[in-house]
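The block underneath contains the structure these notes are about, expressed in structure tokens.
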Amino acid sequence: MMPLDPDPAGPAGSMRVRCSERRAAPKRRPPTPVRLVAIAAVLTAMTLVVLDAGMTNLALPTIANALGATPALAVLVVTAYQTALLVALLPCAALGERFGYRPVFTLGALLFMLASGFCAIAPTLAWLVAGRALQGLGGAAIMALGVPLLRFSVAPQRLGAAIGWNALTVALASSAGPGVGALILSHAQWPWLYALNIPLGVAVLLACRQLPRTPAGSHRLDLISMGLSGGMFGGLFIGAQLSPSRPFMAGAVAAAGLACLVLLLRREMPKAAPLIPLDLLRGRSLRLSVIASVFCFSGQAAAMVALPFYLQHGLGQSASATGFYMTVWPLSVAVTAIASGRLADRFPTAWLCAAGGALLALGLMVAALWPLAQDVRPMLFFAAACGMGFGLFQTPNNRNMFLSAPLERSAASGGLQGAARLTGQTAGAVLMTLLFTLTPGEAAPRLGLGIGAALALIAGLVSLSRFRDGDRGAGAILTARSW
């Protein structure tokens, strides 16, 4: 009996993907030098968005001390950025499908650069939080349309390689974030963390002129659906952040977010290409990958917020030492991402994702329970295990999600991947806000690591359930060999 939801990497799925590539791909691709500049523009913009997040996570204790804020308030610098990213992600994907990927991506890069300058001159925490929210709006266009632009910049047989380049770039930028942040903080004040984005942003804007021109859609934008999408994400996550201090207001805001969700689903359900990609989510394999991604990123984000406070406040480490210990994690992700991309050509992605979630959970749990006050050096091994587990999970899971969508729905697929990632990251940051508010003393960071371990384990179990539905690996569509 055939599986109800076969792996998109199977022969039939391969034929569907390749046919859609031929239907939607440009008739003539740009020459190689132009394509290389376009790829560099996308990957550099992705680097900016990821590097900025990594540096900010490391600098939270420093920013809190400089601006006289509590840890719970300082986490708003992270949650404001992630909430804005999440609110704008699906609308940016819709704007890209309507007006073309290139202009929307370029406007996002411009807004991100200008908002970075605003953050650098912010005099108070409130101004910094506002600047971070503007950064998030710009970053949403970059994250939603980056991989779709790569898909139009390379030949169909190089799509797997392009996905691998993006995963490697994100992993390397994540690994560089804590180290670069620590280096800047050891020689300058925290505003320079954001001033660094300005020259790189100018370079991205100049390179954006070589991005491929994609066909603009003829459909009308549904501004009501876009507003409901923003209200849904904003209401749910802002309500969660308000819950410790203002429970009644939090309940009202969260209820408004749920109401927006119900109205949005009723409005979008009949559409062939809905704002929320319900058409893509009907596939069980892709749907389970999205759920697993949310859980895995929730655990990872909670740990990334908890670790700087644990290392600096709980274990007495300096900002530079904290950056050193935290760099091991994303560096391990970068190394593992290369291997996991090749393993996905030979082994079921469900197995790889399950093993990655289990390894990430083990690393977080040991980091939370090990008596590191006597010797902090074992944290290097725990962080490496976490990075290896996350890298083993993330690349196969992303490939399963992205290659399940036809080329003409690339922006929707990119928005869905980004929404899953940002939902998890924002949920993890909100979770740490709750723990810092409700847990006295220095127990919150270690408790956050333990909860992160549980979330990573759930992600692995959800991934494992995909194997029953015929997931036999993503390698049959396109290999991840580089040029």
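The values are calculated or read from the model by the stated rules, or taken from the named source; none is laboratory data. Model, not experiment: these values are computed from the prediction. With ideal geometry, Cβ positions are generated from the backbone for all residues, glycine too; neighbour counts draw on all protein chains shown. These accessible areas exclude ligands, DNA and RNA; they are computed on the full protein's heavy atoms, side chains included. Shrake-Rupley method; radii C 1.70, N 1.55, O 1.52, S 1.80 Å.
Below 8 Å between Cα atoms, with a sequence gap of 6+, how large is the relative contact order for the stretch 299-414 in percent? All intermediate terms of the calculation are to be shown ahead of the outcome.
Details: 117 pairs, mean separation 38.6, N = 116.
33 percent.
Sort L145, L36, L242 from largest to smallest accessible area, using a 1.4 Å probe on the heavy atoms of the protein chains. Present the calculation step by step, with values, prior to reporting the outcome.
Values: L145 0, L36 90, L242 40 Å².
The most accessible residue leads, giving L36, L242, L145.
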message = For a quick check of understanding: with a 1.4 angstrom probe and all protein chains in place, what accessible area in square angstrom does R282 have, to the nearest ten?
response = 140 Å²
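Suppose R0 equals 56 Å. What FRET efficiency, 1/(1 + (r/R0)^6) with r the Cβ-Cβ distance, do F99 and T124 give to the nearest 0.05? Working shown, then result.
Details: r = 36 Å, r/R0 = 0.65.
The pair F99/T124 has a calculated efficiency of 0.95.
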ask   = What residues from the stretch 230-267 fall in the zone where the backbone N is under 20 Å from a label point 7 Å along the Cα-to-C-beta line of D279?
value = 264-267
ask   = Ranked highest first by the average count of other Cβ atoms within 10 Å around their residues, in what order do 270-279, 356-365 fall?
value = 356-365, 270-279
note = Place a point 7 Å from the Cα of V376 in the direction of its beta carbon; the residues of the stretch 34-73 whose amide N falls under 16 Å from it are 58-62
message = At 1.4 Å probe size, what's the solvent-accessible area of S243? Round to the nearest 10 Å².
response = 50 Å²
request  = Taking every Cα atom in the stretch 170-239, find the radius of gyration and the maximum pairwise distance Dmax, and write them in Å.
outcome  = 19.1, 52
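Where nothing but the Cβ of Lys and Arg (+1) and of Asp and Glu (-1) is charged, how large is the charge dipole of the stretch 178-309 around its Cα centre, in debye to the nearest 20? Display every interim value, and only then the final one.
Numbers: 10 positive and 3 negative charges, 77 e Å.
Using Cβ point charges on Lys, Arg, Asp and Glu, the stretch 178-309 gives about 360 debye.
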message = Taking θ = phi - 60°, what integer Hz values does the Karplus form 6.51 cos²θ - 1.76 cosθ + 1.60 yield along the stretch 73-88, in sequence order, with x for Gly and Pro?
response = 6, 5, 5, 4, 4, 7, 5, 5, 5, 6, 5, 5, 4, 5, 4, 8
task = Could you order L457, L86 so the one with the most accessible surface comes first? Probe is 1.4 Å.
result = L457, L86
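Ordering F248, F112, F467 by accessible area with a probe of 1.4 Å, largest first, what comes out?
Ranking F248, F112, F467 by accessible area, largest first, yields F248, F467, F112.
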remark   = Reported to the nearest 10 Å², I451 has, with a 1.4 Å probe, an accessible area equal to 50 Å²
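What is the packing order of peptides 126-133, 254-261, 74-81, taking the mean over residues of other C-beta atoms within 10 Å and listing the highest first? Could the numbers behind the result be given before it?
Numbers: 126-133: 20.4, 254-261: 16.8, 74-81: 25.2.
Going from most to least packed, we get 74-81, 126-133, 254-261.
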query = Once label points are set 7 Å from the Cα along Cα→Cβ at both A252 and T439, what is their separation, rounded to one decimal in nm?
reply = 3.1 nm
